[in-house]
Each structure stands twice: as C-alpha cells, then as structure tokens.
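This report refers to the structure that appears directly beneath it.
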Amino acid sequence: MKQVSNEDKLFYYERNFVTLDGLWMLETEKEIGWEHALKIDVSVWTRLLTIIIRRIKNYLNIKTNSLQDLIEIITFRWSIEGWNYKVDRVSNSEVIVNIIECPYKSSMDRNEDRRDKIPIICKNMCEPFYKEAFMEFNPKIKLERTKNMGKGDPNCDFHFYLTE
C-alpha cells in the first residue's frame with residue numbers, strides 16, 4: 001500500500017469536498033428540479049453542520065456550549081475551508097463576525113451558469129442551516145444576519161448574542 005502523508009490527505013479532501021457538494025447539487029437539480037434539490041441540500045447541510053460542530057468540539061477538547069465555544073468552533077471550520085473573516089467580540093454575550101470572502105460564493109462566482117443562484121442559495125440555504133445548527137448547539141445563542149454578499153452587500157455578517 002502506498003504511504004501518504006497528512007499533507008497528501010489534506011490536498012485530496014480539500015480539493016474534492018467542495019467539488020463533491022457542487023456536483024451533487026447539479027446532478028440532483030437535473031433529476032428533480034432546482035426547488036426540491038435546494039430543499040434537500042438545506043437538510044443535508046443542516047445535519048452535516050451539526051455533525052461538524054460536534055466533531056470539531058471534540059477535536060478541540062471543548063467541554064461546554066458557550067458563545068465563545070461556538071465562535072472557536074465555527075472559526076476553526078471557516079479557517080480550514082478558506083474563509084476570510086474578522087471577529088469582533090463586543091462582549092461576553094455578543095460577537096459579530098464579518099465575512100470578507102466565502103469560498104462557496106467565490107466558487108459560484110467563477111461559474112457563469114450559477115451566478116444567478118447565489119442570492120437564492122444565500123437566503124434559502126446559508127441563513128437557515130446556520131441558524132438551525134447553532135440553535136442545536138445552544139438554544140440561548142441567537143443569530144442575526146443583516147448583510148449578505150450574495151444579495152449584493154460588501155460582506156456577510158453573523159451577529160451572535162445570548163438570550164436569558
């Protein structure tokens with residue numbers, strides 16, 4: 001058996017993870033139509049993000065489900081996936097993360113045939129699956145989104161705050 005390094009594995013998974021997601025969506029859309037494919041994709045990504053959050057939490061040896069824990073987990077994921085973002089810790093109960101570049105939007109920007117889908121995916125997919133996954137992590141953490149690159153804003157925002 002050929003020995004591969006962790007760098008080899010990283011190359012393989014990094015290059016194929018987003019491609020797999022995109023190809024799955026294109027093929028599903030061809031078979032059952034855009035609306036139904038998007039609905040399924042939201043369900044899949046909601047479940048996947050919940051699993052990813054749990055796995056990262058274990059990997060980072062995080063023991064609680066605080067707002068700071070969620071920020072550590074989600075920025076770990078975003079850093080691995082190549083997001084460009086800035087974290088503004090307003091207080092212990094409020095954090096704003098501004099997304100400067102989203103690799104998923106960047107990928108769709110490069111595909112002329114998918115550019116018209118960007119606002120729909122951002123509104124009907126990205127916003128709901130994050131809210132649901134974060135709610136499962138800790139129902140006291142609320143998420144508001146007021147800016148979205150997919151809808152023409154210069155950046156996206158994730159405004160987290162704790163409720164009592």
Task: Top-ranked residue in the range 84-116 [being under 19 Å from GLU144 (Cα atoms) and hydrophobic (A, V, I, L, M, F, W, C); ranked as surrounded by the most Cβ atoms within 10 Å (Cβ to Cβ)] - done: CYS102
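Is the range 90-99 home to any residue that is of a type in the set (Val, Ile, Thr) and either at pLDDT below 90 or part of a loop (DSSP other than H, G, I, E, B) (or both)?
Pass one, the range 90-99, residues of a type in the set (Val, Ile, Thr): 90, 95-97, 99.
The next check asks that each one be either at pLDDT below 90 or part of a loop (DSSP other than H, G, I, E, B) (or both); those that pass are 90.
The answer is yes; a qualifying residue exists.
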- [ ] Output the residue which, of all residues in the range 50-81 that are without any contact (Cβ under 8 Å) to a residue 24 or more places away in the chain and not in a helix (DSSP H, G or I), is nearest to LEU162 (Cα to Cα).
- [x] THR64
- [ ] Determine if the range 140-153 includes at least one residue that is surrounded by 15 or more Cβ atoms within 10 Å (Cβ to Cβ), out of contact with any Cys (no Cβ under 9 Å at 6 or more places or on another chain) and assigned to a loop (DSSP other than H, G, I, E, B).
- [x] no
TODO: Return a yes/no flag: does the range 111-120 have any residue that is in contact with a Lys or Arg (Cβ under 7 Å, 6 or more places away or on another chain) and closer than 29 Å to GLU7 by Cα.
DONE: no
Task: From ARG47, ARG15, residue being among the basic types (Lys, Arg), surrounded by 12 or more Cβ atoms within 10 Å (Cβ to Cβ) and in a helix (DSSP H, G or I) - done: ARG47
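Answer yes or no: is there a residue in the range 58-72 that is basic (Lys, Arg), surrounded by 14 or more Cβ atoms within 10 Å (Cβ to Cβ) and at pLDDT 95 or above.
Within the range 58-72 (the criterion being basic (Lys, Arg), surrounded by 14 or more Cβ atoms within 10 Å (Cβ to Cβ) and at pLDDT 95 or above), the answer is no, since none of the residues qualifies.
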Task: Of all residues making up the range 105-120, the number that are at pLDDT 85 or above and either within 13 Å of the chain's Cα centre (by Cα) or small (Gly, Ala, Ser) (or both) - done: 2
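The values are calculated or read from the model by the stated rules, or taken from the named source; none is laboratory data. None of these values were measured; they are calculated from a predicted model. Glycine also receives a Cβ, built like all others from the backbone with ideal geometry; neighbour counts cover every protein chain displayed.
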